[in-house]
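Peer 1: Here's a structure for you.
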Amino acid sequence: MKSIHIGIIGFGTVGAGVAETLLNNGDIIAKRTGYHAVLKRIADLDTVTDRGVKLPEGMLVSDAMQIIDDPEIDVVVELIGGTTIAATFIQKALERGKHVVTANKALLATQGKKLFAIAREHHVDIAFEASVGGGIPCLKALREGLAANRIKCILGILNGTCNYILTRMESERTDFEVILKAAQEAGYAEANPSLDVDGFDTAHKAAILASLAYGHWFTASDVLTQGIRNVTLDDIQFAADMGFRIKLLAVIKELNGRVQLQVRPSLVPVTSLLGNVNGVFNAVWIQGDVVGNTMYYGRGAGRQATASAVVADILDAGFHILDHSPARPLGIDDDDAMETVSPDESYSRHYIRLQIADRPGVLAKVSGVLGDCGISISTATQKEAQAAYTQMILITHQARESAVRKAMEILDTLPEVHEKPVVFCIETLE
Ligand code: HSE
């Protein structure tokens, strides 16, 4: 039986999971692939900490170049993260004719175009299934299973930390800051949570999904990004009363040849599949013109889930190496320009929360403003006044984003409207 040789750079949580999987599941891997996937070396600056994986003597080294420069190693697995040293290691590995497997979404969402050009030049591939959705094989689904489709829409719950916080805010009726602190203490959220809660991690993943779906390199800077810090317990509660849940969504839609590319907290029906993706779980909902609606669900992070996707990529690379066959084309044409759509041009239903004076004629005034802006109200609910001001919740029919923004600007100037209006889009998954 033939063998491929693998080197892993980065022996953190995911690196340990990949090593463990290769060492423990060698028999089933050999049976399924027809070759031995041999883990030859792991590099990490920390060669001392026990990661709970028993490695053969001498396998763990501190110098990544011992992997990159080893002519016997066919596949280099980059698991150190970040966008500087990781980029250098990947570039060097590609230049030496090695296939690369990575889970590094931040790197691909910023330097993907450059790295893939280097890979093409050296007739090797970069595989990156674990970069979006962790253990969920959603990129394979998009690139292979749905290859016959024009992609109309992708909605993704792609950050487990945010989904965990939003889920606990709803179930425990507790504020964002309290849940975030508890999540940090339990090790679910990072000490610096900004990458997650401000939506940047989701934006990296959205850029990768959009690039694959529409065949043009989008970067994280193309994604209009809003995180979950502004989601209040009130909004979670009011949304729940009206049959919705608030989720941080990657929203990727084709609109007349252009792409709407956003990360934003949005309402989804509690009865929908996405509405029932709770806790740390991730899901990607993809609508194709041929297949219709599909959804992929699972663990978006963690040692074993991510290792599952990384090892699958290693095994694919092994086939191409042993068969001398080219990897599947990425389907991204560098010259194929595609613009993003200003959110002003997009349409959706909206949730609007206003803090209004509880006086005669206020409801008529508010609905007048919306009517003048061409926005049709689907439902209006006013909470029993506890003070001089009360909360009014409006759900609109489909409305153009620019019209809603204009209406909110006008409402914000009314003396009867206290505090800035709160608006979230509603994704009805139709
Ligand atoms: N920090 C991410 C999450 C996982 O919370 O889902 C890595 O992308």
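Peer 1: Looking at the stretch 335-375, which of its residues are of a type in the set (Gly, Ala, Ser) and under 18 Å from residue 267 (Cα atoms)?
Peer 2: 346, 348
Peer 1: Just name the residue that is farthest from the ligand (Cβ to nearest atom) out of those in the stretch 282-294 that are surrounded by fewer than 19 Cβ atoms within 10 Å (Cβ to Cβ) and of a type outside the set (Asp, Glu). Working first, answer last.
Peer 2: Filtering the stretch 282-294 for residues surrounded by fewer than 19 Cβ atoms within 10 Å (Cβ to Cβ) gives 289-294.
Then drop every residue that is not of a type outside the set (Asp, Glu), which leaves 290-294.
Values: 290: 30, 291: 26, 292: 27, 293: 23, 294: 21 Å.
Selected residue: 290.
Peer 1: Something else about it: Just give me the residues in the stretch 135-163 being assigned to a loop (DSSP other than H, G, I, E, B) and open to solvent by less than 20 Å² (accessible area, probe 1.4 Å), in sequence order.
Peer 2: 136, 146, 158, 159
Peer 1: Could you tell me whether any residue of the stretch 229-248 is open to solvent by 20 Å² or more (accessible area, probe 1.4 Å), away from the ligand (no atom under 16 Å from the Cβ) and among the small types (Gly, Ala, Ser)?
Peer 2: yes
Peer 1: While we're here: When the stretch 169-199 is examined, which residues are found to be within 10 Å of the ligand (Cβ to nearest atom) and part of a helix (DSSP H, G or I)?
Peer 2: Within the stretch 169-199, the subset within 10 Å of the ligand (Cβ to nearest atom) is 183, 188-190, 193, 195-197.
183, 195, 196, 197, listed by residue number.
Peer 1: Now a separate question. Take residue 55 and decide whether it is open to solvent by less than 40 Å² (accessible area, probe 1.4 Å), assigned to a loop (DSSP other than H, G, I, E, B) and assigned by TED's automatic domain parsing to the domain that holds residue 93.
Peer 2: Yes, satisfied.
Peer 1: Could I ask something else about it? Please verify whether the stretch 149-156 includes one or more residues that are touching a Phe, Trp or Tyr at 6+ places or on another chain (Cβ under 6 Å) and outside the structural domain of residue 105 (by TED's automatic domain parsing).
Peer 2: Yes, that holds for at least one residue.
Peer 1: Do we find that residue 166 is within 13 Å of the ligand (Cβ to nearest atom) and either open to solvent by less than 10 Å² (accessible area, probe 1.4 Å) or modelled with pLDDT under 95 (or both) in this structure?
Peer 2: yes
Peer 1: Select from the stretch 80-104 the residues that are open to solvent by 30 Å² or more (accessible area, probe 1.4 Å) and within 16 Å of the ligand (Cβ to nearest atom) and list them in ascending order.
Peer 2: Those that are open to solvent by 30 Å² or more (accessible area, probe 1.4 Å) and within 16 Å of the ligand (Cβ to nearest atom): 80, 81, 82, 83.
Peer 1: Hey, could you check the stretch 105-121 for residues that are open to solvent by less than 10 Å² (accessible area, probe 1.4 Å) and out of contact with any His (no Cβ under 8 Å at 6 or more places or on another chain) and say which is farthest from residue 320 (Cα to Cα)?
Peer 2: Among them, the one singled out is 107.
Residues are listed down the side, and each one gets a yes or a no for (1) crowded, with 21+ Cβ neighbours inside 10 Å; (2) within 16 Å of the ligand (Cβ to nearest atom); (3) in contact (Cβ under 8 Å) with a residue 12 or more places away in the chain:
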position	(1), (2), (3)
262	yes, no, yes
268	yes, no, yes
272	no, no, yes
277	yes, yes, yes
297	no, yes, yes
322	no, no, yes
332	no, no, yes
354	yes, no, yes
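Peer 1: When you check residue 363 against the structure, is it without any contact (Cβ under 8 Å) to a residue 60 or more places away in the chain, aliphatic (A, V, I, L, M) and either open to solvent by less than 30 Å² (accessible area, probe 1.4 Å) or farther than 30 Å from residue 119 by Cβ (or both), yes or no? Before the answer, list the steps.
Peer 2: Values: without any contact (Cβ under 8 Å) to a residue 60 or more places away in the chain: yes; aliphatic (A, V, I, L, M): yes; either open to solvent by less than 30 Å² (accessible area, probe 1.4 Å) or farther than 30 Å from residue 119 by Cβ (or both): yes.
For residue 363, the condition - without any contact (Cβ under 8 Å) to a residue 60 or more places away in the chain, aliphatic (A, V, I, L, M) and either open to solvent by less than 30 Å² (accessible area, probe 1.4 Å) or farther than 30 Å from residue 119 by Cβ (or both) - is met.
Peer 1: Can you name every residue in the stretch 416-430 that is open to solvent by 50 Å² or more (accessible area, probe 1.4 Å) and in contact (Cβ under 8 Å) with a residue 24 or more places away in the chain? I'd like the intermediate steps shown before the answer.
Peer 2: Kept after step one, since they are open to solvent by 50 Å² or more (accessible area, probe 1.4 Å), are these residues of the stretch 416-430: 418-420, 430.
418, 419 - these are the residues of the stretch 416-430 that are open to solvent by 50 Å² or more (accessible area, probe 1.4 Å) and in contact (Cβ under 8 Å) with a residue 24 or more places away in the chain.
Peer 1: For the stretch 261-281, what are the residues that are farther than 24 Å from residue 211 by Cβ, touching a Ser or Thr at 6+ places or on another chain (Cβ under 9 Å) and of a type in the set (Ser, Thr, Tyr)?
Peer 2: The answer is 272, and nothing else.
Peer 1: Looking at the stretch 383-401 only, could you name the residues that are modelled with pLDDT under 95 and either surrounded by fewer than 16 Cβ atoms within 10 Å (Cβ to Cβ) or over 34 Å from the mean Cα position of the chain (by Cα) (or both)?
Peer 2: 383, 384, 385, 386, 387, 388, 389, 390 - these are the residues of the stretch 383-401 that are modelled with pLDDT under 95 and either surrounded by fewer than 16 Cβ atoms within 10 Å (Cβ to Cβ) or over 34 Å from the mean Cα position of the chain (by Cα) (or both).
Peer 1: Count, please, the residues in the stretch 200-226 that happen to be among the small types (Gly, Ala, Ser), within 16 Å of the ligand (Cβ to nearest atom) and open to solvent by 10 Å² or more (accessible area, probe 1.4 Å).
Peer 2: Count: 1.
Peer 1: Only residues in the stretch 97-113 that are assigned by TED's automatic domain parsing to the domain that holds residue 68 and part of a loop (DSSP other than H, G, I, E, B) count as the first member; pair them with residues that are among the acidic types (Asp, Glu) and more than 16 Å from the ligand (Cβ to nearest atom), Cβ under 8 angstrom, at least 6 apart or cross-chain, and list the lot.
Peer 2: 98/74
The values are calculated or read from the model by the stated rules, or taken from the named source; none is laboratory data. Not measured: the values here are computed from a predicted model. As a convention, Cβ positions derive from the backbone with ideal geometry for all residues, glycine included, and neighbour counts pool all protein chains shown. These area figures cover heavy atoms from the full protein model, side chains too; ligands, DNA and RNA do not enter into them. Shrake-Rupley method; radii C 1.70, N 1.55, O 1.52, S 1.80 Å.
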